[in-house]
Amino acid sequence: MCYTAPFFSKGAFMNKIRVLIADDQTLFAENLKSVLENRSDDISVVGIVNDGAQAIKKTKELKPDIILMDVRMPHVDGVLAVDVIMKELPLTKIIMLTTFDDDAYVLDALKYGALGYILKDITMSELITIIISVSQGSVVISPSVAKNLVKNLNHPTETKDVSQTPPKLPNWFFKLNQREKQILKFLAKGCNNYDIAARLSIREQTVKNYVSAIYDKLDMHDRLMVLKEAESVMPWLEIL
């Protein structure tokens, strides 16, 4: 397998490329961190997380230049994490690094804004070249993945198993600001307005105002319906 990319000399960058690894295989992730930092003077791994929810949280905290994101992880998978991260932190560059070449994952990851979709059978030198290339704005896809995509484009009548396509976050989720998401999380956990006000150190009337805004943005005014909607996005609310 061969990748064509510009030549970069060792230590060519003034500032190291800050990389976050999101992979639920702990041994793989730790070995990857060690090898990346030992083999390249231009890369610094700033963190390792093992699911998509943690990837979202750590991306907000650490602001990495590049995320190496696995596809299938517990709680929140990598493709959905791409969707959230790119909506909230659109300058982040994400490379899917995975064993899964399923077309649904590939297309969704790229649609949401991933700049690379790479299979784990590549060499370390190829991966380093890809990280540097993507940090400069390139889009890189494994040859075998690209071949499958082209093949399916040439056979559009073939049916696809839509059950494998990851669910999307509801549009209302992105209408809520950070405080409204925090309050919705506490509502879903059964807290009343007084409890929420105490937890967040704000006035109870302020909580009521936020709750009204949440209802308006969800276009719902039935508390049970709002709580049901909140339960569907709890993995994301839990990281707030």
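Taking label positions 7 Å along the Cα-Cβ direction at both Lys120 and Leu62, the computed distance is 1.8 nm, reported to one decimal.
Within the assembled protein chains, the solvent-accessible surface assigned to Arg199 is about 150 Å², based on a 1.4 Å probe. Ranking of Met124, Met225, Met96 by solvent-accessible surface, largest first: Met225, Met124, Met96 (1.4 Å probe, protein heavy atoms only, all chains present). At what distance in nm do the modelled label points of Leu91 and Gln25 sit from each other, each positioned 7 Å from its Cα along Cα→Cβ? For Leu91 paired with Gln25, the spin-label model returns 3.3 nm.
Here the label points at Thr206 and Asn177, each 7 Å from Cα along the C-beta direction, are separated by 1.1 nm in the simple model. Over 29 Å apart at the Cα level, from the set Lys147/Lys175; Lys33/Lys228; Lys120/Lys189; Lys60/Lys217; Lys60/Lys147; Lys60/Lys228, are Lys147/Lys175; Lys33/Lys228; Lys120/Lys189; Lys60/Lys147. Other residues whose C-beta falls under 14 angstrom from the C-beta of Asn15 contribute a net charge of 0, scoring Lys and Arg +1 and Asp and Glu -1.
Counting every C-alpha pair in the range 94-146, the share spaced more than 16 angstrom apart comes to 32%.
The values are calculated or read from the model by the stated rules, or taken from the named source; none is laboratory data. Only a predicted model underlies this, so the values are computations on that prediction, with no experimental measurement involved. All Cβ positions, glycine included, derive from the backbone under ideal geometry; neighbour counts span all protein chains shown. Each accessible area value is taken on the protein alone, full model and side chains, heavy atoms only, with ligands, DNA and RNA left out. Shrake-Rupley method; radii C 1.70, N 1.55, O 1.52, S 1.80 Å.
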